[in-house]
Amino acid sequence: MLKLCVAGAAGRMGTAIIQEAYSKGIQTVGAIEFSSCLAVGKTLRNLGISNQDTEILPSEQLIRALSDADVFISFTSPPADLVNIPIVVGQRKRIVLGTTGFTSEQNRVIIDAMNGKVPVVFSPNYSVGVNIFFKLIDTLKAFPQNYDFSINEIHHTGKKDAPSGTAMQLGEIVSNMRNYTKTVTGREGMSSRQPDEMEITSLRAGGVSGIHNLTIAGPHEMLRIEHTAFSRCALAQGVIYAAEWLNKQDTPKIYNMADVLGLT
């Protein structure tokens, strides 16, 4: 049976992942949090996360938390993963990584740490719908050049990175298709849109789990494609799909959700 070690286990995303796994009979045998977190030293049962007696350990005890796990799952922060991922790789554990907000240099470092060493799924978004959304974009290349593509995303007030990793991935796909060479993330004052610009805007409001839309507007019509996550369960479901799929992979490389879903 698949066994998991989850980083950020007491956080909102970590909790959703553990609960989704438990509903499918998958055990979380390792769990970590930052050392000053009040959940450290308590069990998943104590915290009401699931009926498992797995103790949440401080991140300094990551190797102990990993000992019985098949797959390490992390939705934490770039600084945490820059420390944790090389340790996980050193223990030869498979990795499902969903942390966003890496700088270009941090992204390079994290990829170098994983690539060719262990099987990894690394994606900015694990929802099934969003990844099919990514695939649909290729069909939009038929729009004439005088149609503008713009992206808007909305997340809860606690989300730290903006634009979201999902919006940035959408923007990269669109920019490659439309030959946009510049990304604009906000406008103020006199700022008309230029032909080479990809436009991405972000809103942070309330408890919104995640809304991403792509707007394509021409002189006389507009098409809008939108994905809405009702809760973090949409992401957690995809994470468990990825972990189950990854546990069957032996080639040490970095995969994405298109590989998991058979969209490649």
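All but one of (1) more than 23 Å from Phe133 (Cα to Cα); (2) modelled with pLDDT under 95 hold for Gly165; state the number of the condition that does not hold.
The failed condition is (1).
How many residues, within region 100-114, are within 26 Å of Ala236 (Cβ to Cβ), touching a residue at least 24 places away in the same chain (Cβ under 8 Å) and either open to solvent by 20 Å² or more (accessible area, probe 1.4 Å) or not in a helix (DSSP H, G or I) (or both)? Explain how you work it out, then say what you get.
So the first thing to find is which residues in region 100-114 are within 26 Å of Ala236 (Cβ to Cβ), and the list is 100-102, 106-107, 110-111, 113-114.
Narrowing further to those that are touching a residue at least 24 places away in the same chain (Cβ under 8 Å): 100-102, 106, 110-111, 113-114.
This time we only want the ones that are either open to solvent by 20 Å² or more (accessible area, probe 1.4 Å) or not in a helix (DSSP H, G or I) (or both), so: 100-102, 106, 111, 113.
Looking only at that region, the number is 6.
Pairs please, first residue from region 116-145 and among the small types (Gly, Ala, Ser), second anywhere and surrounded by fewer than 17 Cβ atoms within 10 Å (Cβ to Cβ), Cβ atoms under 6 Å, 6+ apart in sequence or on different chains.
Gly116/Pro252
Six or more apart or on different chains, Cβ atoms under 7 Å: show the pairs whose first residue is in region 68-88 and touching a residue at least 40 places away in the same chain (Cβ under 8 Å) and whose second is of a type in the set (A, V, I, L, M, F, W, C) and open to solvent by 10 Å² or more (accessible area, probe 1.4 Å).
Pairs found: Asp68/Val29; Ala69/Val29; Asp70/Leu2; Val71/Leu2; Phe75/Met13.
Please enumerate the residues belonging to region 124-154 that are closer than 15 Å to Ser175 by Cα, open to solvent by 40 Å² or more (accessible area, probe 1.4 Å) and either of a type outside the set (A, V, I, L, M, F, W, C) or under 13 Å from the mean Cα position of the chain (by Cα) (or both).
Lys135, Asp138, Thr139, Lys141, Pro144, Gln145, Asn146, Asp148
Go through region 187-213 and give me each residue that's surrounded by 14 or more Cβ atoms within 10 Å (Cβ to Cβ), under 25 Å from Met13 (Cα atoms) and either in contact (Cβ under 8 Å) with a residue 60 or more places away in the chain or not aliphatic (A, V, I, L, M) (or both).
To start, the set of residues in region 187-213 that are surrounded by 14 or more Cβ atoms within 10 Å (Cβ to Cβ) comprises 197-202, 204, 208-213.
Filter once more, keeping what is under 25 Å from Met13 (Cα atoms): 200-202, 204, 208-213.
Correct list: Thr201, Ser202, Arg204, Ser209, Gly210, His212, Asn213.
Within the group Ile73, Ile49, Ile32, which residue is part of a loop (DSSP other than H, G, I, E, B), touching a helix residue (DSSP H, G or I) at 6+ places or on another chain (Cβ under 7 Å) and crowded, with 16+ Cβ neighbours inside 10 Å?
Numbers: Ile73 fails: part of a loop (DSSP other than H, G, I, E, B); Ile32 fails: part of a loop (DSSP other than H, G, I, E, B).
Answer to the selection: Ile49.
State the number of residues belonging to region 159-179 that are open to solvent by 40 Å² or more (accessible area, probe 1.4 Å), closer than 28 Å to Met13 by Cβ and touching a residue at least 12 places away in the same chain (Cβ under 8 Å). Walk me through it before giving the result.
Our first condition is that a residue be open to solvent by 40 Å² or more (accessible area, probe 1.4 Å); within region 159-179, this holds for 159-160, 162, 168-169, 172-173, 176-177, 179.
In the following step, the residues that additionally are closer than 28 Å to Met13 by Cβ were identified as 159-160, 162, 168-169, 172-173.
Cutting the leftovers down to touching a residue at least 12 places away in the same chain (Cβ under 8 Å) gives us 159-160, 162, 168-169, 173.
Total meeting the criteria: 6.
Specify the residue that is farthest from the chain's Cα centre (by Cα); the eligible residues are those in region 155-168 that are over 13 Å from Phe102 (Cα atoms) and outside any loop (DSSP other than H, G, I, E, B).
Applying the filter and picking the extreme gives His155.
The values are calculated or read from the model by the stated rules, or taken from the named source; none is laboratory data. Everything numeric here is computed off the predicted structure, so don't read it as measured data. Every residue, glycine as well, gets a Cβ built from its backbone with ideal geometry; the counts of neighbours run over all protein chains shown. Just the protein is used for accessible areas: all its heavy atoms, side chains included, with ligands, DNA and RNA removed. Shrake-Rupley method; radii C 1.70, N 1.55, O 1.52, S 1.80 Å.
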